[in-house]
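Encoded as structure tokens, the structure appears first; notes follow it.
The values are calculated or read from the model by the stated rules, or taken from the named source; none is laboratory data. Note that the structure is a prediction, hence the values are computed from the model and not measured. So basically every Cβ, Gly included, is an ideal-geometry build from the backbone, and we count neighbours across all protein chains shown. Just so you know, the surface numbers come from the protein's heavy atoms only, side chains and all, with ligands and any DNA or RNA stripped out. Shrake-Rupley method; radii C 1.70, N 1.55, O 1.52, S 1.80 Å.
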Amino acid sequence: METIAFFDAKPYDRAWFDRLNPGYEIRYFECRLTKETAVLARGCAAVCAFVNDRVDADVISALCAEGCRIVAMRCAGVNNVDAQAAQGRLALAHVPGYSPHAVAEHTMALLLTLNRKLHRAWARTRDFNFSLSGLEGVDLFGKTAGVVGTGRIGRAFAEICRGFGMRVVCCDPYPARIEGCRNVSLDALLRESDVISLHCPLTKESYHLLDTMAFLKMKKGVFLLNTSRGALIDTEALLHALNSGRVRGAGLDVYEEESGLFFEDRSGSILRDDALVLLLSKPNVVLTSHQAFLTDEALREIARVTYENLDAFFAGKPMENIVRAGG
């Protein structure tokens with residue numbers, strides 16, 4: 001059986017990959033995959049990588065030099081992968097859908113926390129402060145949720161919003177039909193929505209999808225949620241929108257400069273990212289460290305599909321979840 005170099009390995013990854021392992025030899029590495037660490041894959045036919053690993057042209061060349069034949073991404077997004085550079089040299093696979101409900105439910109948890117100020121209430125009561133002043137929220141019932149991206153996660157979040165009695169509008173160049181939801185342009189969604197939630201991939205076209213001009217088109221007092229990719233939002237523009245009151249609250253599970261920060265314990269370090277420090281200082285920002293996917297069901301599915309991808313590749317069979325250049 002082939003050997004896999006597993007980068008950015010965490011205990012929760014190992015638990016399910018070990019439990020479902022059909023017989024591969026796995027070499028776990030805690031470091032991220034970069035040009036410098038690619039040498040650790042020497043003698044491994046496969047590499048398993050995650051969202052903050054680097055799979056650019058230099059890394060691909062380094063992996064090929066070490067004898068690697070496939071990179072199996074254990075995530076859906078592949079914005080950190082240069083599929084063009086891999087073409088004809090290295091096979092690429094990903095896990096396009098592991099648990100849309102995990103991410104959608106976390107998104108709603110962020111919204112509820114922001115709106116009802118649960119994070120602030122929890123901190124108060126632990127100090128025996130039982131005052132309710134400053135903890136006012138709004139009814140979500142009857143409000144308009146704008147869902148950007150109608151893939152599986154976007155659809156799941158839209159259904160949750162409808163369960164709260166919210167009106168839902170969606171924006172997607174290839175819209176899926178969602179009962180009770182109306183597809184509109186991005187500009188219309190920004191104008192109409194009381195809550196805006198991003199569920200789209202990061203591409204050249206969607207980079208800084210929400211910039212200064214986009215924030216100016218939003219309702220004053222909108223809630224903004226992002227559990228997709230950090231660079232969909234221009235952080236400086238978001239900080240300005242928070243300061244001006246244009247954005248009532250931001251629930252973020254991703255950050256555009258999260259690489260090298262997220263998934264690690266930095267509590268004993270001085271954080272030198274001033275924009276992130278400013279975000280974390282605001283009482284109307286709830287930021288989690290890319291944990292929306294983190295449920296037992298999702299972790300099990302990630303491991304299962306990753307092994308399916310590898311099994312198909314090594315058996316010479318077509319892979320359902322191949323990553324192709326340009327799409």
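Values computed for the structure shown
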item	result
Selected from Val184, Val51, Val277 as most flexible by GNM, with the chain as the system and alpha-carbon contacts under 10 Å	Val277
Protection proxy ranking, peptides 240-248, 103-111, average beta carbon neighbours within 10 Å, highest first	103-111, 240-248
Over the range 91-179: Kirkwood hydrodynamic radius from C-alpha pairwise inverse distances, Å	15.1
Against the rule of thumb 2.2 N^0.38 Å, how large the Cα Rg of the chain comes out	1.05
Within a Gaussian network of the chain (alpha carbon springs, distance under 10 Å), most fluctuating of Asp82, Asp274, Asp253	Asp274
Proximal charge balance of Arg246 [Cβ under 11 Å; K/R count +1, D/E count -1]	+4
Residue-averaged 222 nm ellipticity for the chain, from DSSP H runs of 4+ at -39500 (n - 2.57), nearest 500	-10000 deg cm²/dmol
Choice from Glu179, Glu308, Glu192 with maximal GNM fluctuation in the chain (Cα, 10 Å cutoff)	Glu179
Cα gyration tensor shape for the range 105-152, rounded if a/c is under 1.5, else prolate or oblate	oblate
Accessible solvent surface per residue of the chain, calculated while the other protein chains remain in place, 1.4 angstrom probe, Å²	48
Set Lys35/Lys204; Lys35/Lys217; Lys10/Lys219; Lys10/Lys143 screened for pairs whose C-alpha atoms are more than 31 Å apart	Lys35/Lys217; Lys10/Lys219; Lys10/Lys143
Pairwise label distance in nanometres, Phe130 with Asp211, each label 7 Å out on the Cα-Cβ vector	5.2
Gap separating the Cα centres of the range 63-93 and the range 198-266, nearest whole Å	28
Dipole of the range 1-101 [Lys/Arg +1, Asp/Glu -1 at C-beta], most positive-end residue of Ala85, Ala38, Phe17	Phe17
Surface share of carbon and sulfur [accessible, 1.4 angstrom probe, percent] for the chain	51
